[in-house]
Structures are given as structure tokens and as C-alpha cells.
Amino acid sequence: MPLAPHRHRFLTSLAHRHRRDAARRQVSSSRERADKLQLPDIVTRALMRPGSYVGWLRELLVTGVCLVCYPFGIGGTTPESPSGASPTPFSALEPDAAPVLLVHGYGHNRSGWTFLARHLRRGGFEHVYSLNYNPLAGDLPGLAWELSRRIDAIREVTGARRVHLVGHSLGGILIRYYVQLLGGEACVDTAITLASPHEGTLAAGLGRSSVLRQLRPGSWVIQALEETARPSPVQWMAYYSNLDALVQPASSAMLRHPALDATNVLVKDHGHLSILLAPGLGRSIAHRLAASGGLSGSDASQSAAEDEFGSPGLRPAAHAEPA
């Protein structure tokens, strides 16, 4: 899918402007970030809640699980199916059952989606795919093009017009870049992000790779996503956590641009990785996709609402603070 000329000019101009202003912003950015984080208040409030200690322990345990499972997710670029055989032709399924593509985060791979993929298949989604990519091999726009090619391949093999996208961490930012800057809004039904730094993250300052630099607050990528957000048929949803050590400030994982009209859901007392295994999250996502047209069913919308806002640990953003 070629990049529209006006979008190419916009991104080029934005990148030049960002480099020109970087030196001028350097001194003030540290002060602004410190004010935005309000670290003493956040730490004090977190330490006063017993749930925080349980959440950090949970995050530590899940990190160990992810490390053990990581080798099993290396390689593998073909569509997954429950039996390991070729996926059922799309025409043989319900006409509204759109394929689902899962996009992992920085430093992870498709092994992180084992439990969510199982929930989706149990919920009736037979076409569940994942994308493996190397964030050290290029920059964020290049990874977004890789996502675009994967989506085109899925649409070709299934015959589907639109797909559902679910992204964790960096994966959610790749989804936004694809939808907003690569014309993906015509190919996406529902886009769900988990612990994705939509407004950048201060933790990205700990690394020097191209992708991490582009995930810092105020980077040209973050600015581009802010300035190109506009209403579209895509339905957006963002799950975020109050104990996410890798998305700072925690509110950055909320999708707050009014043009996107996103639903934000707090997954309380879970960390950056443990959010993937949060109780009720798999059902919530499956119901959300079903309600948006993933599967037919007159009670799908009601089930989604009950699951999103009624499951333990899942709370609508209107009733929760991010930290």
C-alpha cells in the first residue's frame, strides 16, 4: 500500500521540525516530565495499598513465565490454527467473523499471546494470527510496514475485507501508525491496545535503539500520531494499568484523543506483562470483538459491556485513576 504523497511530505516536515526543536526542548523537558509524573505522590499512594505489593509480585512471576515461554515463540510466520493445519477458508465461516491479528510488544514474541489466543478460539474466532518481528532491526515506520504486509496477506488468504487488531505495548503503537498513517483505517474493524504508550514513555529513555527513541514523549512519531488522529470507522479500545513500570506516566497508556473516541479500561494492580494474564481480560476482548461484528449474536454487545466493566480488576476509566 503506497504512502500518500501528502502524508509523506507531512512526515518529512515533522521529522525535520522535531530535530530542529530538540535542542531547545532538552532543558525544559526534564522539568516538565518530573511535574507530569509527580513521582512522590504516585509512589506514596502505591505503597499505601496492599494490592500494589500483590501486583508487583504478580508481575515478577509473570515475567518469569514469559522468559520460560519465549523460546517457544521464536520463528513461525504462518497463520495459526487450533489443529496446526491450514486455516478454514473464510467463506466457510460466519460472514461477520473477521480474522484477528495479535501484535506483540518490544522484546517479546508471539508466545505472549498463548492464553489470549485460546480465549479467542473458544469464543468462536477460528482465524487467529500473530506477527513476529524484530524491533532492533529497523525503526517504527518500517515495523508498521511489516504489519501492513502481514494484514494484506491475511486478507488475501481469508478473503476478509477487514481484520481485528490487538497489540501489546509497542504493538499498539504499530497498529495506530498503520491505521492513521498507512491507510489502514479501510482494512481494520476494531483496534485494541494493551499497555501501549500512546503519549510516549519515559522508560524509552533507558535505551538507544531507533524504536525506543521514537517511543519517547515528544518524538516525531508520537507527534505524528497526535496530529493525524481523526474520526474513522475503526473502533478503538485501550486497556491500561496503574502499576505499569514501563509506561510512564501510567496515563500514557490511555487513548485520550477525542477524535478516536476510544474506550479506556483500567486493569487494576497489574504490570506491563501481567496485564496479558489478567483475569477476565481474555473474555473481555473476545466479547468486545464479537460485539463489534466479530461474531453474530444478539446479546454480544450486552455481554461485552458486562465483562469489560464487571469483571474483577477491570474498571472503566471514568471511575479509576491511572496511578
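The values are calculated or read from the model by the stated rules, or taken from the named source; none is laboratory data. Remember, it's a predicted structure, so these values are computed and weren't measured experimentally. No Cβ is skipped: glycine too gets one built from the backbone with ideal geometry, and neighbour counts run over all protein chains shown.
Points worth noting:
- Residue ID - nearest to Ile285 (Cα to Cα), chosen from residues in the range 109-121 that are at pLDDT below 90 and touching a strand residue (DSSP E or B) at 6+ places or on another chain (Cβ under 7 Å): Gly112
- Selected residue [surrounded by 23 or more Cβ atoms within 10 Å (Cβ to Cβ), more than 29 Å from Arg49 (Cα to Cα) and modelled with pLDDT under 95] from Gly271, Gly294: Gly294
- Across the range 104-121, the qualifying residues are those that are more than 13 Å from the chain's Cα centre (by Cα) and of a type in the set (Ser, Thr, Tyr), and the one among them that is surrounded by the most Cβ atoms within 10 Å (Cβ to Cβ) is Ser111.
- For the range 179-192, the criterion of being of a type in the set (A, V, I, L, M), in a strand (DSSP E or B), surrounded by fewer than 24 Cβ atoms within 10 Å (Cβ to Cβ) and touching a residue at least 12 places away in the same chain (Cβ under 8 Å) is satisfied by at least one residue.
- Flag for Ala204 being over 29 Å from Ala98 (Cα atoms), at pLDDT below 95 and outside any helix (DSSP H, G or I): no
- Count of residues meeting criterion [farther than 19 Å from Gly183 by Cβ, in contact with a Ser or Thr (Cβ under 7 Å, 6 or more places away or on another chain) and crowded, with 21+ Cβ neighbours inside 10 Å] in the range 94-103: 1
- Just one of the listed residues (Trp56, Trp145) is modelled with pLDDT of 70 or more, assigned to a helix (DSSP H, G or I) and within 18 Å of the chain's Cα centre (by Cα), namely Trp145.
- Considering only residues in the range 206-231 that are out of contact with any Leu (no Cβ under 8 Å at 6 or more places or on another chain) and small (Gly, Ala, Ser), the one that is nearest to Tyr53 (Cα to Cα) turns out to be Gly207.
- Single match in Arg149, Arg155, Arg110, Arg121 (criterion: touching a helix residue (DSSP H, G or I) at 6+ places or on another chain (Cβ under 8 Å) and more than 21 Å from Glu199 (Cβ to Cβ)): Arg110
- Checked against the criterion of being crowded, with 20+ Cβ neighbours inside 10 Å, of a type in the set (D, E, K, R), modelled with pLDDT of 95 or more and more than 25 Å from Ser274 (Cα to Cα), the candidates Arg150, Arg176, Arg230 yield just one match: Arg150.
- Considering residues of the range 122-142 that are surrounded by fewer than 16 Cβ atoms within 10 Å (Cβ to Cβ) and of a type in the set (D, E, K, R) only, the residue modelled with the lowest pLDDT: Arg122
- Residue within the range 155-172 that is within 26 Å of Tyr240 (Cα to Cα), surrounded by 23 or more Cβ atoms within 10 Å (Cβ to Cβ), in contact with a Ser or Thr (Cβ under 6 Å, 6 or more places away or on another chain) and β-branched (Val, Ile, Thr) present: no
- Among the residues of the range 113-142, those identified as more than 15 Å from Leu289 (Cβ to Cβ) and in a helix (DSSP H, G or I) are Thr114, Phe115, Leu140, Pro141, Gly142.
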